[in-house]
Amino acid sequence: MPTHDIHAETARRRTFAIISHPDAGKTTLTEKFLLYGGQLTSGAGAVKAANKAGGTKAVTSDWMELERQRGISITSTVLQFQYGDRVINLLDTPGHRDFSEDTYRVLAAADAAVMVLDGAKGIESQTRKLFEVCRDREIPIVTFINKWDRPGRDPLELLDEIEDQLVLDPHPISWPVGDGDRFAGVINRHAQEFIGFTRTARGATIVAEEITPLSDGLDTDNSALADDWATAQEQVDLLDAASTEFDLKRFQAGELTPVFFGSALTNFGVRLLLDSLAELVPAPTARLDANNEPRLIDSPFSAMVFKVQANMDPAHRDRVAFLRICSGQFSRGMTLINGRTDRQFSTKYAHTVLGRDRATTDEAWPGDIIGLISTGELRPGDAVYDTEPVTWPEVPTFAPSCFAQATCSDTAKTKQFRNGIRQLDSEGVVQVLHRPGRGESEPILAAVGPLQFDVAEHRLRNEFGAPVRVETASWTTARQTDEASATTLEKMSGVAVAQRLDGELLALFESPYWLARVADEHPELTLNRMVGEG
């Protein structure tokens, strides 16, 4: 395939993730993107725990049964769709801190992120943590201040909070007129127009918009709208006087964030946000390998595995590895090499993905996300290629702070239990540890947060048919160690040494205070901190 074709196709791709604190409206916004992208014809779903009558429409991105029961996003989801002449690769991430590892892996595959804030709450704890991950990875951020159809904080105050807490220069592209029940629309500062909205039932259909040039003025037939319009104009005048022109280079460098206001639930401001993402999010470019060398998009084919998911289709019980294509053209049926194992594998079953739904794809380009079925040994972080080897920067494993002992409560189901444990470990659902001499029958589950144990237990029972008992263990802190140190540590009370399936040794302590004492009394021991602590 000629180089200019690769560049032309790559230039059409937009690959971005959506991040937020729980309940800020991230998954609802994802659904509305699908609505405006023509992927939903019966109205976007609302994120709610399913009622007994099954009356709540399930969202496309929250396809897992446990997600629908809990009303939260548990696993990241890939959604690819066409929008105008763009191909959108949208990555919906879990907002809850217990699933930070999954979000971290997904961000490694994204070229930008949409940060969703609740207009009444502003920046919350998980927002700050996810922002720091984006900053570490130099990922540009677009900010959407959501739920403006409800009473919220002063919009200028929210801008100050972004600037002060995130040290990020906010540049509002849209500005709200009214809030709560009086939210009438937004001013598009770049196009110098007012976009007025018509309410529909929970935004089930694309909302009607009335666009008026600011130079024409606005006909206000009631005093409330007149007051809100006057207030918005005064605020925009302040912004115009205080801010400079939008700088695309500063945005792509992660120094500036374009800001949009709206309501994902009622569709207010969604079209303008999606239009802007299609233009502002950078197209895929050369990615740096583990040696900090750029892998050009017209180099031979290469990709990064950032997620593995089993049993998405209960009828087939298959396993899907999700790949971010980094260079070259993908053609279904090509033979690829797993750089970690140096083994070849076939790509006969390749799909584009929309939540749980799949469609066979014959070709894909840099920036695209594809799912490969039944890929055996592929794990998150693996580099795959066809002719020219590559190694990507390591996707680190987070420090676990919760531990549990898992046992199969039916010895006749031991094989299913062990298979399930191996699968959950390979996906990164939990970290699976084994203590020396105890084999696979008594694994220790290690997690960032306790909700991961609920997911593991649910999936072991429902997907693998393995009745399981999960009991919380007393350890609270882990450190990476080595064989020499492990010999000493195993003799201490309040300490256990366990090994991950990848061979990494971890020292487990019952409290951070005991860890501090051991480290102080035995400075010769290897006790390395892990990613995500604190």
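Measuring nothing but how far apart in sequence close Cα pairs (under 8 Å, 6+ apart) lie, relative to its length, the chain scores a relative contact order of 13 percent.
Suppose we look only past 19 Å in the calculated P(r) of the range 322-437. What percent of the Cα-Cα pairs does that tail hold? Here the long-distance tail beyond 19 Å is 58 percent of all Cα pairs in the range 322-437. With protein chains left intact and a 1.4 Å probe, residues in the range 389-467 average 39 Å² of accessible area per residue.
Take each peptide in 234-241, 271-278, 139-146, 181-188, count the other Cβ atoms within 10 Å of every residue, and average; sorted highest first, the result is 139-146, 181-188, 271-278, 234-241. In the structure displayed, which of 121/307; 32/121; 147/249; 348/415; 26/121; 26/129 lie more than 24 Å apart, Cα to Cα? Correct reply: 121/307; 147/249; 348/415.
By accessible area of protein heavy atoms, probe 1.4 Å, what ranking do 513, 36 get, highest first?
Putting 513, 36 in descending order of accessible area: 513, 36.
With Rh defined as the Kirkwood radius, the inverse of the mean 1/r over Cα pairs, the Rg/Rh of the range 112-238 is 0.99. Only Cα pairs under 8 Å and 6+ residues apart enter the sum, and on that basis the relative contact order of the range 433-517 stands at 29 percent. Per the Debye calculation on the chain with a single equal scatterer at every Cα and no solvent contribution, log₁₀ I(q)/I(0) for q = 0.06, 0.07, 0.10, 0.12 Å⁻¹ amounts to -0.32, -0.43, -0.85, -1.17. In the range 111-240, the DSSP beta bridges split such that about 70 percent are antiparallel, to the nearest 5. The antiparallel fraction among DSSP beta bridges confined to the chain stands at about 75%. Compactness of the range 440-534 was expressed as the Cα radius of gyration divided by 2.2 N^0.38 Å, which yields 1.20.
What the phi angles of the range 144-156 give under the Karplus curve with 6.51, -1.76 and 1.60, with θ = phi - 60°, is a coupling list of 10, 8, 9, 6, 6, 7, 10, x, x, 7, 4, x, 5 Hz, glycine and proline written as x. When shorter helices are ignored and each DSSP H run of at least 4 residues is given -39500 (n - 2.57), the per-residue value for the chain at 222 nm works out to -7500 deg cm²/dmol. Relative contact order for the range 205-296: 18 percent, from Cα pairs under 8 Å spaced at least 6 residues apart, divided by residue count. Measure off, as a whole percent, the carbon and sulfur share of the 1.4 Å-probe accessible area of the range 178-234, all protein chains present. Ligands and nucleic acids excluded, carbon and sulfur give 46 percent.
Computed over Cα pairs, the Kirkwood radius of the range 206-329 leads via Stokes-Einstein (1.567 mPa s, 4 °C) to a diffusion coefficient of 65 µm² per second.
Give me the mean projected area, in nm² to one decimal, of the convex hull enclosing the Cα positions of the range 274-392.
So the Cα hull casts an average projection of 7.7 nm².
The values are calculated or read from the model by the stated rules, or taken from the named source; none is laboratory data. Just so we're clear, the structure is a prediction, and the values are computed from it rather than from any experiment. In this analysis, Cβ positions are derived from the backbone assuming ideal geometry, glycine residues included, and neighbour counts consider all displayed protein chains. Ligands, DNA and RNA are stripped out before the accessible areas are found, and what is left, the full protein with its side chains, is counted by its heavy atoms. Shrake-Rupley method; radii C 1.70, N 1.55, O 1.52, S 1.80 Å.
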